[in-house]
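Notes to accompany the following structure.
The values are calculated or read from the model by the stated rules, or taken from the named source; none is laboratory data. It should be emphasised that the depicted structure is a prediction, and the values quoted were computed from it without experimental measurement. No Cβ is skipped: glycine too gets one built from the backbone with ideal geometry, and neighbour counts run over all protein chains shown.
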């Protein structure tokens, strides 16, 4: 039994819900049923999913079926998440040579021929529960099967979807009890009692019915069809036939939505009736043309008379063809209507996926959220209670939930920070120096082995898109670093230009292979010396290879935090050993890691910009206050022309350091000078060590200069030289 | 058990050098050469020493990949989450995506060695349901 | 009778003349809005709008109909807020039902950096006349109870967002028709199936257009072309800093209307609203590969549906009805380009990327004023083509990525 709106309906093996319900003597659907998935009449709601066609749904025991609301639309489902996850919908990708959509006569023939040619063939047949959803470039055919969704990749797609029967357009065509010819044949064969059946047009085969003579004029009845009225076009005389069921055989057209979708795709073709011609229906005179959008023949005439005289404009103004059946019912009639206006029969409007309506849950199957990267220390962070945040495509510790402890560890003791996410690239080759001289706006060649230099990366427009370090390892070999978020783009940038310039260099991305831990704070040297690095630590902006805690490291001395810092680059397979050794050996130094939140505060106090946070997409070095990082006396580098050009223009905005008393303004807080907008804050923090709020902000020029008293949130702000903290270093 | 429980960080040697110099490197005994790009070679397992006829070659230990071995019986399951078709003949090396994660795959008679960037390995484990069936 | 059938607008088509004061190439929203405002605000009616297909057949009829001003830079907030205001008066002004509906827009974020960003957005919005406010997760719940604040089991936990009560939707076609009708009633000629194949020039000056129906002289030629604008501009010798990318969208079947706001998440990469007829309308970011293709992809359905059902679980059981694509003219700085081109007699309104529908009333109003007065109005002065030479770009990357 299936449960149809509370009524228990028996079914037989192989029944669809449509067949079972009609056989039980129920006929809850108005309009001319096609039983082939084209018309929008037999819609039901199943297991919370509306717009399911009863003629496409196998009857199974216990199925609960609710009819589609008559008038109005189904309610949106409740917001309660269902208990099952995405995995509830099956999914697979399939690879073959030929996909044949439709397994009627021509489809079977096409499949057999392809197999004879040695092709691996996948066939789809909606009636067998393997429904095509759409044909996409590739070619790719998407199908819904009883196992879930399938994306099928092939070299050939053959569309053999057959024909679709024309629907009657006349008064009374929305009454119940009307069937297409093929629907009548199929239902009668399944044992549905059609009662007194009257057919118009071509009569069905194997169905006991009375053929009506003449052309269909209207159906009559109260809710249910009771009479079919025809006219003799010769005499003008009407004839009326009493009936329980009306069967219409008015001709057919190609079921060509998929064929039109596939049209123009390499490897796609259509065969059989799907590639055939439309039996042009008479111009609609009266009655519902588009049942989905309730468009009548009068409506068509009305918009036509008001100037909507193209198929597309008629569609858009009446919404004919935009409902659940996507024009399967109405389009032949609307095309015929347009042609009657003196135009040729217009082509159907663009065929768009989907042809089988899948749920969004089904569409989501087999897809994944963009994967966040994790460093080798991910579990260490979690064990220390870190709250992780997405940053530049990585999951990184935002805080270990004690910002004070994190901050003061850096400023007064020693702290460690996982900076494995930094972009790291090795460059080697006879052209390595020449290559980097052209990539970077500063001089590279004088850099000695073991030394590092801060660099900006400029694009062709002279805008800063990344920054980092260049470290020379040897005569023709360098290590470059890039920001965590920018590393992927930076690698492409390097490779593209090496290729464009024909430079003889080798480039290797070490971002994922090397971990990096920054050991920072006044006691950082002490901690490292305990781990075997006593007297060999490099000078500021220097780098040395050595073992720390038995782990081979490249140790670089920098200062992003404003304290002595040693960045330990090492094989990511040893990250955990190194991290634990640092934590264990530093226990009595009160070593504690810091996350991005405190790092933000530390670097701001030191006046370091974060490219992508403080910079804008049009930040020239001059606007950023980084003109010192550009050597215009170099003959050539990327962006040089643009920098030369823009540097002659009046400076219109600069990134500046500001201080205010009291709480830090929000990121985005507006700067005002004499009440006028003058820029905004990019980063701000309360400085624990300075006892006031510090920030970076864009300041716009006024009257050609940057003077005037700056107010932020009604408070005076002081412009100060960077860094805010420890200017002597 | 034909499915691995998880991906393990792989030890290998990475060589970036002039393509001609990489062409001349012989496969080590019992080891594998995976040509990632004309100028990029991955050697499994890391050899004791390797000669590369390119003075500018970058020869580095590689710790950026995690790997797992899947028996032949697992291939269909992997293919079902791959938008590209696996090679028929073997041994064969291929690179693409599995379940939306970039991978390198070495197909062999008995199955396939899947290499995934270590920073993404946890996603692939989850998406392939590794470890689940052992519980 | 379906109440959504257009039962009011009436077009009067005229024959093409050989000369007009103003010829506007492109019968989409911007071209028609420019013509409408020329006629209604400045009494300039000897105007022709030439449309290669039917009116609104380009991106005006393919967009996701969202009207909002919650941009990230002052120049854009001001301009789009003007458009928001004009849209809210358009029904009264034209007497036509454009289905304008002030729904409010929730822009959700999933992490501290995003939270900071949305706070910043609300600050610059309020400073320049848009009513965007920062909202906490609890306020998100009140505005849209359907949002799963712990989306994806916490992976996409909602940490806050911004809410723009001014944000609205309107039926895209009806906006086009109301403007076309309003212009035509005042004497403007709108010609469909009139393809411009070249430009007439006298020396360096553009003096008209060549069409597939013959030459048409013009005092001023305005390009309001979408998609192939670079080709037309090249005929005038103007190089535009524009690349064209497809943008896809889809709708579900129709459901009783109960989903009130527009909900977007840039971090998850989708946005959704319910149309006046009840379809749920979803979109995402532009395709990364530049192209003029109108083809849809299945991947789009997947990558749009997954985040949507994760953040709004009730969407899971809705059935997808139809997907489509438009093409977007993306300028280098992701802001539109309006005004003079450096070539006499040739103006452009272009670079409408994914924000074209929002800008229709204000874009047309301002372009009309420029044509009528031969002076660039203050509101669109920052959007001139010159900005690329003068290094005064209008980057606003955080505002245009997802919600169109």
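Structure above, values below:
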quantity	calculated
Residues of segment A:354-395 that turn out to be farther than 30 Å from residue A:57 by Cα, at the interface with chain C (Cβ under 9 Å from one of its Cβ atoms) and in a loop (DSSP other than H, G, I, E, B), as a count	3
Given (1) more than 13 Å from the chain's Cα centre (by Cα); (2) within 14 Å of chain A (Cβ to nearest Cβ); (3) under 29 Å from residue C:214 (Cβ atoms); (4) buried (at least 24 other Cβ atoms within 10 Å of the Cβ), index of the condition residue C:14 fails	(4)
Segment A:39-70: number of residues that are assigned to a loop (DSSP other than H, G, I, E, B) and surrounded by fewer than 20 Cβ atoms within 10 Å (Cβ to Cβ)	8
Any chance residue A:723 is surrounded by 14 or more Cβ atoms within 10 Å (Cβ to Cβ) and either in contact (Cβ under 8 Å) with a residue 24 or more places away in the chain or not assigned by TED's automatic domain parsing to the domain that holds residue A:611 (or both)	yes
Residues satisfying the stated conditions in segment B:23-58, i.e. in a loop (DSSP other than H, G, I, E, B), touching a residue at least 12 places away in the same chain (Cβ under 8 Å), within 14 Å of another protein chain (Cβ to nearest Cβ) and over 12 Å from the mean Cα position of the chain (by Cα)	B:38, B:39, B:46, B:52, B:53, B:54, B:56, B:57
Residue within segment A:189-196 that is surrounded by 20 or more Cβ atoms within 10 Å (Cβ to Cβ) and not in a loop (DSSP other than H, G, I, E, B) present	no
Identity of the residue in segment C:132-161, in contact with a helix residue (DSSP H, G or I) (Cβ under 7 Å, 6 or more places away or on another chain) and either farther than 23 Å from residue A:390 by Cβ or assigned to a loop (DSSP other than H, G, I, E, B) (or both), that ends up nearest to the other protein chains (Cβ to nearest Cβ)	C:146
Selected residue [closer than 25 Å to residue C:72 by Cα and more than 37 Å from the chain's Cα centre (by Cα)] from A:661, A:652, A:636	A:652
The lone exception for residue C:256 - which of (1) out of contact with any helix residue (DSSP H, G or I) (no Cβ under 7 Å at 6 or more places or on another chain); (2) within 8 Å of another protein chain (Cβ to nearest Cβ); (3) within 17 Å of residue A:133 (Cβ to Cβ) it fails	(3)
Entirely in segment C:176-217, the strands (runs of 3 or more DSSP E) that have 1 or more residues that are in contact with a helix residue (DSSP H, G or I) (Cβ under 7 Å, 6 or more places away or on another chain), closer than 30 Å to residue C:99 by Cβ and modelled with pLDDT under 95	none
Filtered residues of segment A:95-112 (kept if over 18 Å from residue A:259 (Cβ atoms) and assigned to a helix (DSSP H, G or I))	A:112
Per-region count, segment A:140-157, residues buried (at least 18 other Cβ atoms within 10 Å of the Cβ) and modelled with pLDDT under 95	0
Qualifying residue in segment B:97-120 (condition: on the phi > 0 side of the Ramachandran plot and assigned to a strand (DSSP E or B))	yes
Residues being facing chain C (nearest Cβ under 7 Å) and within 15 Å of residue C:8 (Cβ to Cβ) - total across segment A:303-318	7
The listed residue being outside any strand (DSSP E or B) and either away from every other protein chain (no Cβ under 14 Å) or buried (at least 20 other Cβ atoms within 10 Å of the Cβ) (or both), out of A:689, A:694	A:689
Any hit, segment C:386-402, residues being touching a strand residue (DSSP E or B) at 6+ places or on another chain (Cβ under 7 Å) and not in a loop (DSSP other than H, G, I, E, B)	no
So residue C:93, is it over 14 Å from residue C:67 (Cβ atoms), modelled with pLDDT under 95 and touching a helix residue (DSSP H, G or I) at 6+ places or on another chain (Cβ under 9 Å)	no
Looking only at segment C:257-269, and only at residues there that are closer than 21 Å to residue C:322 by Cβ and surrounded by fewer than 24 Cβ atoms within 10 Å (Cβ to Cβ), the one that is modelled with the lowest pLDDT	C:269
Boolean, residue A:200 is part of a loop (DSSP other than H, G, I, E, B), over 45 Å from the mean Cα position of the chain (by Cα), at pLDDT 95 or above and buried (at least 21 other Cβ atoms within 10 Å of the Cβ)	no
Search result, residues across segment B:1-22 that are more than 16 Å from the chain's Cα centre (by Cα) and more than 17 Å from residue B:58 (Cβ to Cβ)	B:1, B:2, B:3, B:5
Residue ID - surrounded by the fewest Cβ atoms within 10 Å (Cβ to Cβ), chosen from residues in segment A:475-498 that are within 11 Å of another protein chain (Cβ to nearest Cβ) and assigned to a helix (DSSP H, G or I)	A:495
Meets criteria (within 21 Å of residue A:298 (Cα to Cα), assigned to a loop (DSSP other than H, G, I, E, B) and in contact with a helix residue (DSSP H, G or I) (Cβ under 6 Å, 6 or more places away or on another chain)) for residue A:320	yes
Condition check for residue C:102: in contact (Cβ under 8 Å) with a residue 60 or more places away in the chain and in contact with a strand residue (DSSP E or B) (Cβ under 7 Å, 6 or more places away or on another chain)	yes
Filtered residues of segment C:66-76 (kept if within 13 Å of chain A (Cβ to nearest Cβ) and either assigned to a strand (DSSP E or B) or more than 16 Å from residue C:104 (Cα to Cα) (or both))	C:72, C:73, C:74, C:75
Residue, farthest from residue C:304 (Cα to Cα), within segment C:239-253, restricted to residues that are more than 12 Å from chain A (Cβ to nearest Cβ) and in contact with a strand residue (DSSP E or B) (Cβ under 7 Å, 6 or more places away or on another chain)	C:240
Cross-chain or 6+ apart pairs with Cβ under 6 Å, segment C:293-306 first and facing chain A (nearest Cβ under 7 Å), then assigned to a loop (DSSP other than H, G, I, E, B) and crowded, with 23+ Cβ neighbours inside 10 Å	C:296/A:353
Leading residue by the ranking (nearest to residue A:52 (Cα to Cα)) among those in segment A:117-139 that are facing another protein chain (nearest Cβ under 10 Å) and buried (at least 19 other Cβ atoms within 10 Å of the Cβ)	A:133
